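Everything below concerns the one structure shown next.
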Amino acid sequence: KPPRHLPVMYDVNRATWNLRLGLIGLTAVSVSLPMAWISLAKVLIFVCALLVLVNQIRARRSDSALGQMWTPWAIAMLLVCSAGSGLWTAADLPVALVTFVKHSKLLEIVLLISLIRTATEARVAVTAFAFGQAFMLLSSWLMVLGVNIPWHAYAPTPYVVFSTYLDQSIMFATSASVFWHLRHEKLWSPWVGGLGAALAIASTLLVLEGRSGYLVALAALALAIMWAVPRRFRLATFVVAPVVILMVVALGSTQVQERIGKIVTESQNFARTQKVEAGDSSGWRLNAWYRSVQAIADKPLQGHGVGAWTFAVKRMEGKPEAGTFGEGNQSNPHQEFLLWGVELGIGGLLLFLACLVCVARDALQFQRPVKRATLAVLVAIFIACLFNSALYDDLLGDFLVVTLGLLMALGVRTASGNESKTVGVA
């Protein structure tokens, strides 16, 4: 039954209200499930949001809380520029459309903020997200203990439930911040939040192999420690803490030592030979980044257009080495900033960075626990985007934008300090 305190503009029938809240919950849980569930939830949430938007336009109503945020405007500007670059893109139309659809998942942040109307609904959505992550986390640890669970995807990498070791390590490291910083927000017991954060960090650093996940986990730990010490020691703590933690973990884990050593070896090999060997992920990245910088320098103002990254870097690489980036034209540089730079030029790269800055600005307006959780997730996104096309990628990108959208919705709807009404609805 819809809460009685909903304003007149949201006085909808029970079925519509339950459908909207059910779709929000499905979206929150889906990012912890296989890709098919994520795709289904994404389609449904976009359709639901479109219907709500049409209804609001017809009724001439608006959400003033959403209008006061910077993030929706920055995302809209970025996607408008991306769509506009289709006028001069070097990519074929199907590739350009697929790429734009992948970029458009950023709209889920805005849709979730818009569809979640009260603090109570935001808490339900965040709890559903945490439940899904807890299910995936416990499933992974059961696999570590040797339990054969029938629902995992039988990935070639051990202890991975539904995705890859890269995705799962970043997801666990990110969700650890959510568990930890919201442990006193009446969403779950403090000890549940602490245990969930500990298991997620331990899985990332000690069980899984994702090197990007290591960095995200170290940043999550550094932020948690930094915010726990007096303000005058925070900067030094943020710098020193990850170094100390990495040294301790490396001394106790041969897997971490091997993965770090592999980065050094592959990077040195590429620097010496300028060739990418089979299975050389670090060398592949360095080569892709180098070609991306060349492509940006070739068209620094307008870029090569949406979906044109592979076309541009293959041209820079030359025909003899075109196979480095695979068949077709749908590869990516494993670096989100360079992806936007190649497609939209330097302006596109700066505009994407501006989106992250706008998220940080909006998060600073939230209450402390939600603010810290949102900023921790934003730092995780920033780090993941430095070494992967994190938001562009399927599954991982959906996980990151949904997590950010849920936290921003929680922050907006509790910002007034009055949880009994929708914030800022005009």
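The values are calculated or read from the model by the stated rules, or taken from the named source; none is laboratory data. As the structure is a prediction and not an experimental result, all values here were calculated from the model. All Cβ positions, glycine included, derive from the backbone under ideal geometry; neighbour counts span all protein chains shown. These accessible areas exclude ligands, DNA and RNA; they are computed on the full protein's heavy atoms, side chains included. Shrake-Rupley method; radii C 1.70, N 1.55, O 1.52, S 1.80 Å.
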task = Could you size up the charge dipole of segment 18-170 around its Cα centre, putting +1 on the beta carbon of Lys and Arg and -1 on that of Asp and Glu, and report it in debye to the nearest 20?
result = 480 debye
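Please give the contour-minus-distance gain from Met316 to Gln68: 0.36 nm per residue of separation, less the Cα-Cα distance, rounded to one decimal in nm.
Details: separation 248, 0.36 × 248 = 89.28 nm, distance 4.33 nm.
Gain in length upon complete extension: 85.0 nm.
Tally up the carbon and sulfur contribution to the accessible surface of segment 346-388 as a whole percent, 1.4 Å probe, everything protein left in place.
Working: 1180 of 1620 Å².
Carbon and sulfur atoms account for 73 percent of the accessible area of segment 346-388.
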message = Please report the accessible area of Ile225 (heavy atoms, 1.4 Å probe, ligands and nucleic acids excluded) in Å², nearest 10.
response = 70 Å²
query = For Tyr290, what accessible area in Å² do you get when you roll a 1.4 Å probe over the heavy atoms of the protein chains, rounding to the nearest 10?
reply = 110 Å²
